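Take a look at the structure below.
The values are calculated or read from the model by the stated rules, or taken from the named source; none is laboratory data. Here the structure is a predicted model, which means the values were calculated and not measured. So basically every Cβ, Gly included, is an ideal-geometry build from the backbone, and we count neighbours across all protein chains shown. Remember, those area values only see protein heavy atoms, side chains included, never the ligands or the DNA or RNA. Shrake-Rupley method; radii C 1.70, N 1.55, O 1.52, S 1.80 Å.
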Amino acid sequence: MWRIDRWFLGCIAATVLSLPALAAEPAPCPDGASWHGQAPPHGDGYFCGKTRPDGQVVRHGWGTFYHPISGVKLEECQYRDGTRDGRCTFFDERGDRSERGTYAAGVRTGQWWYWSLPSPQGRVHELGLTPGAPEAAVARRRLVEGFFGELGAEPKEAAALTEAVLSYVDKGGERRQVCGPHLCVGPGRIGAEPIFVDLGATAEQAQRDRKLLAQHEARARVRAGEEARAVRAAQAKLAAERRRVERERRRVEREEAYEDYEEEPEQECCRYCSTGKPCGNTCIARNKTCHKGPGCACWAD
């Protein structure tokens, strides 16, 4: 039994790590097609094309295309009648390999390898985290879950597969493929080590990994909760620091205002009123009304 398990894990590792090779040189065009276009700087790509009865030239066979401005290679793909069909490799804005797999009539199928992940802000080339960045951890989990969701995984399946990948990225260990109802995933740190995805998970594979997937899903709930609490704690700490800074700012302003304040010198008393009341510079009876402004007369203590 041990030999069978070891052989099985070896097959999985070989599946995850082996990559389909593309032709190093342009392959001959299929019958009825010929080469069109040019590579930079004279064009933005070349491809096998065939002419339809209506006179339109469509891609049919291998095609290599580049960014029209930067000249960076964007893709090397096989086409059939104007649609991607066969092996395909995509490249990012830096010209680095980003995705490789197979199309069937314009639809992704079979096994794919991802050296970076798509995001609204551009390709993500690193899944490792900087310590003390809880918001980045939440965003990373959301990114990977969304990626697997786009590939067809159900929400719980995407959460479990994401945990398998992130646990491997953060803790290392065995790079073991895990299958859900829709996808099989081989973890990778991306960059030099791609994430492997098989878009055609079988019922047998899903049943085999049912317990493992449930374990990943449970850990995903725990870690997602921890990450959310860490974000709330960081936000509370930041809010407290902002309040402290504001209090300090106000204290400094008060001190500066006090230093700038010059007290008016106290006026000396010319007469003290003990039986009467002050009125201007003199004293009058307390039952009288004073019709003078302030003067030097003062109340006697």
What number goes with the only condition from (1) exposed (fewer than 15 other Cβ atoms within 10 Å of the Cβ); (2) of a type in the set (Ser, Thr, Tyr); (3) modelled with pLDDT of 85 or more that Tyr258 does not pass?
(3)
Answer residue from region 179-207, given it is in contact with a Cys (Cβ under 7 Å, 6 or more places away or on another chain) and farther than 13 Å from Trp113 by Cα and is most open to solvent (accessible area, probe 1.4 Å) among those:
Gln205
When region 101-116 is checked residue by residue, the ones that are open to solvent by 60 Å² or more (accessible area, probe 1.4 Å) and touching a residue at least 60 places away in the same chain (Cβ under 8 Å) are Arg108, Gln111
In region 276-287, how many are among the charged types (D, E, K, R) and either surrounded by 14 or more Cβ atoms within 10 Å (Cβ to Cβ) or out of contact with any Lys or Arg (no Cβ under 8 Å at 6 or more places or on another chain) (or both)?
1
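Residues checked against (1) at pLDDT below 95; (2) closer than 23 Å to His216 by Cα; (3) touching a Pro at 6+ places or on another chain (Cβ under 8 Å):
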site: Pro120; (1), (2), (3): yes, no, no
site: Gly149; (1), (2), (3): no, yes, yes
site: Gly173; (1), (2), (3): yes, yes, no
site: Cys179; (1), (2), (3): no, yes, no
site: Leu183; (1), (2), (3): no, yes, no
site: Gly188; (1), (2), (3): yes, yes, yes
Residues located in region 155-171, provided they are over 15 Å from Arg221 (Cα atoms) and among the charged types (D, E, K, R):
Asp170, Lys171
Give me a count of the residues in region 52-65 that are over 24 Å from Arg123 (Cβ atoms), touching a residue at least 24 places away in the same chain (Cβ under 8 Å) and surrounded by fewer than 20 Cβ atoms within 10 Å (Cβ to Cβ).
1
Could you list, in sequence order, all residues of region 66-100 that are small (Gly, Ala, Ser), over 24 Å from Asp31 (Cα atoms) and either surrounded by fewer than 18 Cβ atoms within 10 Å (Cβ to Cβ) or touching a residue at least 40 places away in the same chain (Cβ under 8 Å) (or both)?
Ser70, Gly71, Gly95
Scan of region 117-142 for residues that are in a loop (DSSP other than H, G, I, E, B), open to solvent by less than 50 Å² (accessible area, probe 1.4 Å) and closer than 15 Å to Glu226 by Cβ, ordered by number
Ala133
Here are Ala230, Ala234, Ala220, Ala224: which of them is closer than 26 Å to Glu126 by Cβ, in contact (Cβ under 8 Å) with a residue 60 or more places away in the chain and surrounded by fewer than 16 Cβ atoms within 10 Å (Cβ to Cβ)?
Ala234
Identify the residue in region 8-33 that is more than 20 Å from Gly101 (Cα to Cα), over 34 Å from the mean Cα position of the chain (by Cα) and surrounded by fewer than 14 Cβ atoms within 10 Å (Cβ to Cβ) and, among all such residues, is modelled with the lowest pLDDT.
Phe8
Could you list all residues from region 153-174 that are touching a residue at least 24 places away in the same chain (Cβ under 8 Å) and crowded, with 17+ Cβ neighbours inside 10 Å?
Ala153, Glu157, Ala159, Ala160, Leu161, Thr162, Glu163, Ala164, Val165, Leu166, Val169
